[in-house]
Structure formats: C-alpha cells, structure tokens
Amino acid sequence: GNGYEVSNFTLSSNTNVYGLIPYASEAIFQNIRITGAVSFSFTENSLPIYAGVLVGQGENVTIKNCELYNVTVNMVDEGGEQVEERSEQTISIPVSSNLTFGGIIGLATSYSSALESSLTTLQNCINYYDLQITLNTNSRISVGGIVGALNSGSRVINCLNYGNINITKSSQVTETSASSQYVGGIAGEISGNSTTIKN
C-alpha cells in the first residue's frame with residue numbers, strides 16, 4: 001500500500017470471481033487502505049460467486065495490515081479538536097447466485113501440501129464498512145466482515161470487524177425454502193482441522 005488509498009470504485013467481472021484483485025495465489029498484500037464508495041456489479045452465473053473488496057479468492061496468500069476504512073468525515077468537537085466520524089458508506093450486495101463474500105477476502109484457502117509458513121494468513125486487518133445483503137433468490141451464502149469462507153488450515157489473526165451485517169429477503173425467499181446461510185462478524189464459514197481464528 002505504501003501509504004496510498006484506493007477509493008470510490010465499482011467491481012465487475014467476466015468470471016465468477018470479484019475483487020480489486022479477483023484471484024491471487026502465493027501473493028502478499030500489506031498496508032492497503034480502501035475508502036469511500038465501493039459497489040459490486042454482479043453478472044448472473046451458474047457457478048458460485050467468490051467476492052471480496054480486496055481479494056475475491058486467495059490461495060496461500062498473506063494479507064497484513066489492510067483495512068476497509070469507513071471513517072472519512074472530518075469534524076470539529078466542542079473543544080476545537082479535529083475528530084473523525086464514520087461516514088454512511090454501506091456496501092450493498094444483491095444476491096441472485098450462490099455467494100461467498102468477505103469484506104477483505106471472499107474465499108481464503110490453502111494448498112493441503114503447503115508449509116505452515118505459507119498457509120493463507122490474514123493478520124491485523126480491519127473492516128469498518130456496513131454490509132447490506134439482499135437475498136433475491138434461495139441462494140446459499142457465506143458472508144463475513146473479514147472473510148466469507150476460511151478453509152484448509154488458513155488463519156485469521158488479530159482482525160477486527162466494526163461493520164454491521166444486515167440481511168434482507170425478497171418476497172420470493174421464505175424461511176422454509178431458503179438455502180444455507182452462514183453469516184458472521186469475522187467469518188461466515190470455516191472448515192478444515194487446523195483452520196484458525198485467533199484474538
């Protein structure tokens with residue numbers, strides 16, 4: 001990131017993977033800050049969709065000190081000090097296909113043969129954005145403030161989510177007909193014997 005910010009963008013794709021970096025393998029991301037309006041333009045797809053603001057799908061990646069920083073309004077308090085408040089930026093996600101979505105990364109996975117030092121790791125990452133999920137069909141979803149789905153020994157360490165996650169359903173979606181829906185502040189879904197969330 002080198003002190004720079006990425007802000008005010010729309011993410012679209014010709015495949016089923018969406019993100020500022022749609023797909024990454026054995027890559028390192030660090031010190032990246034994302035601010036302002038972020039929106040997704042999803043294309044109907046028969047395949048499951050993997051989406052994240054920073055990375056859509058990552059295998060054996062390291063993501064450190066990255067944040068979705070929804071604190072952009074400068075104000076002055078009664079004592080004349082500059083303060084920052086959360087803006088009203090919300091990431092709205094219409095769901096018409098099976099979706100795995102995370103604020104930082106959608107799907108975080110590791111090769112089963114990888115050394116422990118090269119397993120996918122998210123460390124010291126923060127999300128401040130609220131997520132508004134609208135279910136338009138009976139789709140399977142995994143939604144997390146940091147990561148949508150975490151598996152195969154991948155790790156989340158010292159990460160925070162301050163954003164609210166709100167799910168609404170259209171009239172076509174009923175409690176009895178809806179598919180599996182996994183929603184969590186840090187991760188929507190985790191799997192694998194050594195997959196870890198710490199601190």
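Between the DSSP loop rule and a limit of at most 11 other Cβ atoms within 10 Å, which GluC sites (Glu not before Pro) in region 13-79 are left?
Listed in order of number, the matching sites are 44, 78.
Using the Karplus curve 6.51 cos²θ - 1.76 cosθ + 1.60 with θ = phi - 60°, work out ³J(HN,Hα) for each residue of region 22-33 in order, rounded to whole Hz, and write x for Gly and Pro.
x, 9, 9, 9, 6, 10, 10, 10, 8, 6, 10, 10
So for the pair residue 6, residue 111, with labels modelled 7 Å out along Cα→Cβ, what separation do we get in nm?
2.4
Could you tell me which chymotrypsin sites (Phe, Trp or Tyr not before Pro) in region 104-199 are loop residues by DSSP with no more than 15 other beta carbons within 10 angstrom of their beta carbon?
Taking region 104-199 and a limit of 15 other Cβ atoms within 10 Å, the loop chymotrypsin sites (Phe, Trp or Tyr not before Pro) found are 111, 162.
In whole Hz, what ³J(HN,Hα) sequence does region 191-199 give by Karplus (6.51, -1.76, 1.60; θ = phi - 60°), x for Gly and Pro?
Result, rounded to whole Hz: 8, x, 4, 10, 5, 9, 10, 10, 6.
Find the Cα radius of gyration of the chain, compare it with 2.2 N^0.38 Å by division, and give the number to two decimals.
1.02
Please calculate how many Å² of accessible area region 1-93 carries per residue, with a 1.4 Å probe and no DNA, RNA or ligand atoms counted.
For region 1-93, the solvent-accessible area averages 55 Å² per residue.
Between residue 158 and residue 31, what length comes free when the chain is fully extended (0.36 nm per residue of separation minus the Cα-Cα distance, one decimal in nm)?
Value of the extension gain: 44.2 nm.
Using modelled backbone amide H atoms (1.01 Å from N, in-plane), which distant-in-sequence or interchain residues come within less than 5 Å of residue 98's amide H?
49, 140
The values are calculated or read from the model by the stated rules, or taken from the named source; none is laboratory data. Bear in mind that the values here come from a model prediction, so they are computed numbers and not experimental data. Glycine gets a Cβ as well: all are built from the backbone with ideal geometry, and neighbour counts include every protein chain shown. Surface areas here come from the heavy atoms of the whole protein model, side chains and all, with no ligands, DNA or RNA. Shrake-Rupley method; radii C 1.70, N 1.55, O 1.52, S 1.80 Å.
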